[in-house]
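Asks: I have a structure I would like to understand better, so I am pasting it below and will then ask my questions one at a time.
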Amino acid sequence: MYFNNLKIKLSGIKTIILCLLFLNILSISCIFSSLHQGGEFIGKTLLIKQIIWITISWIFLIFFTFINYRVYSNFAYIIYFANIFLLLGVLIFGKTVMGAQRWISLFGFTFQPSELSKLSIIILLSHIFSLKGQKNFLNSFVFPIILTVLNALLIFKQPDLGTSLILIFLFLGIGLFSKTNKMYFIGLIILGLIISPFALNSLKDYQKKRLTVFLNPNIDPLGSGYTIIQSKIAIGSGKLIGKGFLAGTQNQFNFLPERHTDFIVTIIAEEWGFIGIIFLLWIYWLILKKILSKASKLRDQFAYYLCLGISFLFFSHIFINIGMTLGILPVVGLPLIFLSYGGTNLLLNSISMGIFFNICRTQR
């Protein structure tokens, strides 16, 4: 019976590993394609960096697979405040790119501490919600939301609206599945909907334009609405089976900006069509299914909330990223997990998977 259970556990891990390897290969393929203009390859450095990041991410995934996940509960507050310290460092010493101060530069690589906030918040909330005997309003709702909002505000200041919203979503998502009174979270959601129109004044001008063009991209077709319009054209032009590798016109003729980062799914849609997108969603579904299936069998509350947080984090990125490329959600600058160019997000996702793999290894 033990070996049968072990075999089932390993089969689940093997499925995810195969999915991750496929996403790595697809990421390199899409980034390679996105770095062409008029048939000429112009981005060798970016491609090499991504390959290096993928290699490093697997090293971290394997490393965290062998760290007992209970350690994170013991050091939850240290991890949280260390991340707060990094975010403060970004505001003081951070590298500014395209008007946003989100990165710390180190040895030629840029590092984005706000990405690590997602994992630190998952660990912190999992620790708080798993504590016994602390289910009152202050300990199980007010205290965690204060810590979440503090982190979100520091990220919003960079400015990074997308990541700050993800932290709020993580709080609501994990909290609604906790033993805390559900009415607290429902009331917070209602309050957020009421005050959201008044919060628009705190947004930067380009963020306001993104929300405006979300409703009608044609009001600024050469400005804020340009990317959404070109994204829709690229996705639609792929039709059922796509145009083939390196054959997408919107991509190859440089009509679509940021296609190797936040809009990488448009390359898949244009080159491999509707079938390619459906296959991609199936790969993501397999990963999420395995994580949630494991979560449903866990008795350890901390491990349960960790799995919920990781799955909710992945789902939020997938849903919001693909939604904004289709024009059904505002553009908030969130990468597509395991696909978009960028090392910090890839590293975060790989560490998260390493933590999940450790839960699979230690929890029978």
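The values are calculated or read from the model by the stated rules, or taken from the named source; none is laboratory data. In this text, all values refer to a predicted model and were calculated from it rather than measured experimentally. Methodologically, a virtual Cβ is constructed for each residue, glycine included, from the backbone with ideal geometry; neighbour enumeration extends over all protein chains shown.
Asks: Which of the residues belonging to the range 305-325 are crowded, with 16+ Cβ neighbours inside 10 Å and of a type in the set (Phe, Trp, Tyr)?
Replies: Start the filter on the range 305-325 by keeping residues that are crowded, with 16+ Cβ neighbours inside 10 Å, which leaves 305-318, 320-322, 324-325.
Hits for the range 305-325 are 305, 312, 314, 315.
Asks: Still on this structure, please answer the following. Would you check if there is a residue in the range 278-288 being touching a residue at least 24 places away in the same chain (Cβ under 8 Å), of a type outside the set (Asp, Glu), in contact with a Pro (Cβ under 6 Å, 6 or more places away or on another chain) and not assigned by TED's automatic domain parsing to the domain that holds residue 168?
Replies: No, the range 278-288 contains no residue that is touching a residue at least 24 places away in the same chain (Cβ under 8 Å), of a type outside the set (Asp, Glu), in contact with a Pro (Cβ under 6 Å, 6 or more places away or on another chain) and not assigned by TED's automatic domain parsing to the domain that holds residue 168.
Asks: To continue, here is another question. Go over the candidates 116, 124 one by one and state the one that is modelled with pLDDT of 90 or more and buried (at least 22 other Cβ atoms within 10 Å of the Cβ).
Replies: Criteria check complete, one pass: 124.
Asks: Can you confirm whether the range 51-72 contains a residue that is farther than 30 Å from residue 299 by Cβ, β-branched (Val, Ile, Thr) and surrounded by 19 or more Cβ atoms within 10 Å (Cβ to Cβ)?
Replies: Scanning the range 51-72 turns up at least one residue that is farther than 30 Å from residue 299 by Cβ, β-branched (Val, Ile, Thr) and surrounded by 19 or more Cβ atoms within 10 Å (Cβ to Cβ).
Asks: Right, another one. Hey, can you tell me all the residues within the range 257-304 that are among the small types (Gly, Ala, Ser) and either in a helix (DSSP H, G or I) or surrounded by 20 or more Cβ atoms within 10 Å (Cβ to Cβ) (or both)?
Replies: Passing the criteria: 269, 273, 276, 293, 295, 303.
Asks: Right, next: Here is a list: 351, 328, 337. Which entry is surrounded by fewer than 21 Cβ atoms within 10 Å (Cβ to Cβ), touching a helix residue (DSSP H, G or I) at 6+ places or on another chain (Cβ under 9 Å) and not in a helix (DSSP H, G or I)? Quick ask: steps written out before the conclusion?
Replies: Values: 351 fails: not in a helix (DSSP H, G or I); 337 fails: surrounded by fewer than 21 Cβ atoms within 10 Å (Cβ to Cβ).
It is 328.
Asks: Name the residues in the range 190-232 that are basic (Lys, Arg) and in contact with a helix residue (DSSP H, G or I) (Cβ under 8 Å, 6 or more places away or on another chain), would you? First the steps, then the outcome.
Replies: We begin by selecting, within the range 190-232, every residue basic (Lys, Arg); these are 204, 208-210, 232.
208, 232 - these are the residues of the range 190-232 that are basic (Lys, Arg) and in contact with a helix residue (DSSP H, G or I) (Cβ under 8 Å, 6 or more places away or on another chain).
Asks: Here is a further query. When both residues are 6+ apart or on different chains and their Cβ atoms are under 6 Å apart, which pairs have a first residue that lies in the range 76-90 and is in contact (Cβ under 8 Å) with a residue 40 or more places away in the chain and of a type in the set (A, V, I, L, M, F, W, C), and a second that is assigned to a helix (DSSP H, G or I) and buried (at least 19 other Cβ atoms within 10 Å of the Cβ)?
Replies: 76/123; 76/124; 76/127; 79/120; 79/123; 87/113; 87/154; 90/113
Asks: Still on this model: Any residue in the range 26-43 that is farther than 19 Å from residue 263 by Cβ, at pLDDT below 80, among the charged types (D, E, K, R) and assigned to a helix (DSSP H, G or I)?
Replies: No, the conditions are met nowhere in the range 26-43.
Asks: Sticking with this one: Can you work out which of the residues in the range 131-144 that are buried (at least 19 other Cβ atoms within 10 Å of the Cβ) and not aromatic (Phe, Trp, Tyr) is modelled with the highest pLDDT? Don't jump to the end; show me each part of the working.
Replies: Of the range 131-144, the ones buried (at least 19 other Cβ atoms within 10 Å of the Cβ) are 140-141, 144.
Next cut, not aromatic (Phe, Trp, Tyr) only: 140, 144.
Details: 140: 85, 144: 94.
Selected residue: 144.
Asks: Sticking with this one: Looking only at the range 186-195, decide whether some residue is surrounded by 15 or more Cβ atoms within 10 Å (Cβ to Cβ) and of a type outside the set (A, V, I, L, M). Walk me through how you get there before you give the answer.
Replies: Going residue by residue through the range 186-195, those that are surrounded by 15 or more Cβ atoms within 10 Å (Cβ to Cβ) are 188.
Now narrow it down to the ones that are of a type outside the set (A, V, I, L, M): none.
No - not one qualifying residue is present in the range 186-195.
Asks: List the pairs whose first member sits in the range 16-41 and is outside the structural domain of residue 55 (by TED's automatic domain parsing) and acidic (Asp, Glu), whose second member is at pLDDT below 95 and not in a loop (DSSP other than H, G, I, E, B), and whose Cβ atoms are under 8 Å apart, counting only residues at least 6 apart or on separate chains?
Replies: Taking only residues 6 or more apart or on different chains, not a single pair turns up.
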